[in-house]
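What follows is one structure encoded as structure tokens, with my remarks underneath.
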């Protein structure tokens, strides 16, 4: 097994064991607040996790995607808001509760003006 295969395997584990849980929780929260949301995990040669969020009145969904930059052994956190794209390249260790929740909270504020109250409750004041 080469280093890219090892990285892909480690990314798959991180996506399933950490990020997917937070994405699914955020999708449930979105549904409870009248938004359309779904998650999708792609588990092939380019593993990635998507959260698609849409207000019923909007035509264009917003997407938060965590994927691999396998050739560089980095993770790409990408948030898409229509024509605007925000990208954060980070090490594999960036897939952890704190960073994923921080990114999800920022994504929900920008995409739907919806604070993730349950995230703020888990952290000290001023976290978000």
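Tell me the residue from 26, 20 that is touching a helix residue (DSSP H, G or I) at 6+ places or on another chain (Cβ under 7 Å), under 17 Å from residue 99 (Cα atoms) and part of a helix (DSSP H, G or I), please.
Working: 20 fails: touching a helix residue (DSSP H, G or I) at 6+ places or on another chain (Cβ under 7 Å).
Being touching a helix residue (DSSP H, G or I) at 6+ places or on another chain (Cβ under 7 Å), under 17 Å from residue 99 (Cα atoms) and part of a helix (DSSP H, G or I) holds for just one of 26, 20, which is 26.
For region 29-49, which residues satisfy the criterion of being within 28 Å of residue 7 (Cα to Cα), modelled with pLDDT of 95 or more and in contact with a helix residue (DSSP H, G or I) (Cβ under 8 Å, 6 or more places away or on another chain)?
38, 39, 41, 48, 49
Identify, from the list 84, 78, 101, the residue that is without any contact (Cβ under 8 Å) to a residue 60 or more places away in the chain and closer than 22 Å to residue 12 by Cβ. Quick ask: steps written out before the conclusion?
Values: 84 fails: closer than 22 Å to residue 12 by Cβ; 101 fails: without any contact (Cβ under 8 Å) to a residue 60 or more places away in the chain.
When all the criteria are applied, what remains is 78.
How many residues does region 66-86 hold that are surrounded by 14 or more Cβ atoms within 10 Å (Cβ to Cβ) and in a loop (DSSP other than H, G, I, E, B)?
So the answer is 1.
If you take the residues of region 87-114 that are touching a helix residue (DSSP H, G or I) at 6+ places or on another chain (Cβ under 6 Å) and not in a helix (DSSP H, G or I), which of them is surrounded by the most Cβ atoms within 10 Å (Cβ to Cβ)?
95
The values are calculated or read from the model by the stated rules, or taken from the named source; none is laboratory data. Treat the numbers as computed from the prediction; the structure is a model and nothing was measured. Positions of Cβ are backbone-derived with ideal geometry, glycine not excepted, and every protein chain shown enters the neighbour counts.
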